[in-house]
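Input: a single structure, listed below in structure tokens.
The values are calculated or read from the model by the stated rules, or taken from the named source; none is laboratory data. Just so it is clear, the structure is predicted and the values come from calculations on it, not from any experiment. FYI the Cβ positions are ideal-geometry reconstructions off the backbone, even for glycines, and counts take in every protein chain you see. Heads up: the accessible areas ignore ligands, DNA and RNA and are worked out on the full protein's heavy atoms, side chains in. Shrake-Rupley method; radii C 1.70, N 1.55, O 1.52, S 1.80 Å.
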Amino acid sequence: MLLRLTLLASALVLCGCAITKVEPPAAAAAPAQFKETGLWQRGAARQEAVQETVPDAWWLLFKDPVLEDLQQRLVVGNENLKASAAQVASARAVVDASRTAMLPTLSAGLSGTRSDAAGNGSGPANSLSLSATAGWEVDLWGRLSQASSAAQSNYQASNNDLAAARLSAQALLTQSYFSMRAAEMQQALLERSVAAYQRSLELTEARYKGGVASRSDMLQAQTQLRNAQSQLIDAGTQRGQLEHAIAVLLGQPPSAFSIARSAALPVPPAVPELLPSTLLQRRPDIAASQRRVASAYAQIGIADAAFFPSLSLSANAGYRNSSLSDLVSAPNLFWSLGSSAAQAIFDGGQRRQASAQARASAEVVSANYRQLVLTALQEVEDNLLLADQLQQQTKLQEEALAAAQRNLEIVMDQYRAGTVSYLNVVTAQNAALTSEISLLNARNRQLAAVNLLLKNIAGRWTPA
């Protein structure tokens with residue numbers, strides 16, 4: 001009889017999984033090509049760059065040894081990555097627990113009692129029992145298998161979350177490093193400007209004492225010098241704060257960390273032509289969201305399984321006697337086999353509400369997944385456009401700076417000759433300084449756009 005029940009339960013399991021399992025929607029389809037790919041190809045052609053494969057460690061394309069060393073230290077010391085790794089381990093434990101729930105359980109026990117029934121006249125009696133109990137919940141409708149599938153999907157999502165957190169930290173470190181180098185270059189620029197303004201002030205003071213220049217010229221020179229000195233302090237503050245931020249990313253206190261100054265920005269690398277399908281395959285945050293969709297649809301199967309009866313098989317065997325000396329012997333053996341089925345008859349609509357809630361939650365997760373895909377495509381389009389436009393802007397800014405510097409040379413010669421006032425000098429110097437700072441900002445923004453573009457399509461991750 002027990003064998004028949006087992007065979008029947010096995011058949012019902014195979015059928016039951018198909019009854020309650022709800023397939024998630026298909027993965028989001030990628031368009032044929034990026035809208036801004038043509039812009040990027042024109043930009044790469046102007047650079048006459050050789051197309052190459054983007055490495056997983058995309059920051060290697062910037063060819064900066066200091067940045068490469070910082071990236072190696074990041075994956076070891078970053079505390080947020082350690083927390084994400086612990087979450088992966090927790091999700092793995094949930095998977096293991098969900099799998100063991102589908103296995104039979106076995107327990108053993110030893111008990112002893114001494115009792116007396118009033119009025120029986122026989123006096124107190126001992127009762128000793130050594131027993132083992134086995135039980136198994138038959139997964140008729142796929143509730144346990146769906147729970148295991150949901151746990152597995154969540155574990156895969158946690159793995160991808162870890163990869164996404166690592167990508168974000170690597171991109172943030174890269175951009176913080178570029179911004180720090182840009183602040184160093186701005187410091188160097190302002191130091192040169194302060195030195196030049198100091199010489200201009202000394203020249204103006206000499207001309208003022210000689211009666212050639214007015215007091216207004218001298219005051220303008222002093223004002224310009226003090227403004228540049230104030231900007232220099234601000235650039236130093238920015239550089240220090242960015243170095244502190246990098247230290248925290250590496251899991252170190254700012255007081256124990258420093259980076260040698262270089263005042264140089266790397267050259268933005270050329271990025272090969274890429275298709276959106278590559279993006280959707282490599283982005284770990286997209287993969288994590290897709291696995292959460294699978295988990296949410298598995299929860300629908302779990303909720304629907306509650307509409308069907310549950311079946312459990314049990315077996316019990318052991319020995320029972322009044323003394324311990326001959327407890328384990330054939331005459332004291334007892335055993336039992338049995339099965340039980342349970343079905344909720346009335347629950348006030350709780351099962352229907354749970355099923356509706358699971359479906360609504362799955363729709364929310366699916367919509368979030370689709371939105372994430374759209375946002376990812378937008379990010380690539382934006383950075384393709386930015387990388388191209390900022391390359392053009394950088395070229396124009398270089399031409400503007402050359403013109404401003406040439407104009408400053410002419411105006412200084414005219415001022416020394418006494419043909420123009422110092423106001424012309426101030427205007428020319430400010431124009432040259434503004435042009436050089438604008439060029440520096442454009443180069444930093446171009447690096448940021450390329451960095452984000454490479455991060456979006458070149459992330460290293462391993463699906464579970």
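The 1.4 Å probe gives accessible areas that order K82, K209, K455, largest first, as K209, K82, K455. Taken about its Cα centre, segment 304-455 carries a charge dipole of roughly 400 debye when the Cβ of each Lys and Arg holds +1 and the Cβ of each Asp and Glu holds -1.
For the set F257, F307, the ranking by accessible area, highest first and with no ligand, DNA or RNA atoms included, is F307, F257 under a 1.4 Å probe. Each Lys or Arg adds one and each Asp or Glu subtracts one; over the other residues with Cβ under 12 Å from the Cβ of V425, this totals 0.
Of all aspartates and glutamates in the structure, those lying under 17 Å Cα to Cα from K395, and not within fewer than 8 positions of it along the same chain, are E48, E436.
Largest to smallest in accessible area, the residues I457, I233 fall in the order I233, I457 (1.4 Å probe, all protein chains included).
Here's the picture: a label point sits 7 Å out from the Cα of V66 along the beta-carbon direction, and within segment 237-262 the residues with their amide nitrogen under 11 Å of it are 243, 258-262.
Shown for the chain are the DSSP H helices of 30 Å or more along their axis, judged by Cα atoms, with a mean Kyte-Doolittle hydropathy of at least 0.0: 284-305, 422-457.
Looking at L60, Q170, P124, which one has the Cα that reaches farthest to the positive end of the dipole of the chain (charges on Cβ: Lys, Arg +1; Asp, Glu -1)? Farthest towards the positive end: P124.
A crude spin-label estimate for the pair L324 and R370, with each label 7 Å from Cα along the Cβ direction, gives 7.0 nm.
Taking only protein heavy atoms and a 1.4 Å probe, the accessible area of segment 303-416 is 57% carbon and sulfur. Taking the Cα centre of segment 317-389 as origin and assigning +1 to Lys and Arg Cβ atoms and -1 to Asp and Glu Cβ atoms, the resulting dipole is close to 680 debye.
Each of A431, A256, A83 was placed along the dipole of the chain (beta-carbon charges, centred on the mean Cα), and the one lying farthest toward the positive end is A83.
Express the relative contact order of the chain as a whole percentage, based on alpha carbon pairs under 8 Å and six or more residues apart in sequence. Averaging sequence separation for qualifying contacts and normalising by length gives 27 percent for the chain. Here segment 390-438 is assigned +1 on the Cβ of each Lys and Arg and -1 on the Cβ of each Asp and Glu. Its dipole about the Cα centre then comes out at about 60 debye. Along segment 339-346 the Karplus relation, 6.51 cos²θ - 1.76 cosθ + 1.60 evaluated at θ = phi - 60°, assigns HN-Hα couplings of 9, 9, 10, 9, 9, 6, 8, 9 Hz to successive residues, with x for each Gly and Pro. Accessible area per residue for the chain is 53 Å², calculated with a 1.4 Å probe on protein heavy atoms, without ligands, DNA or RNA. Ordering S310, V271, L144 by Cα displacement along the dipole of the chain toward the positive end leaves S310 in first place; charges were set at the Cβ atoms of Lys, Arg (+1) and Asp, Glu (-1).
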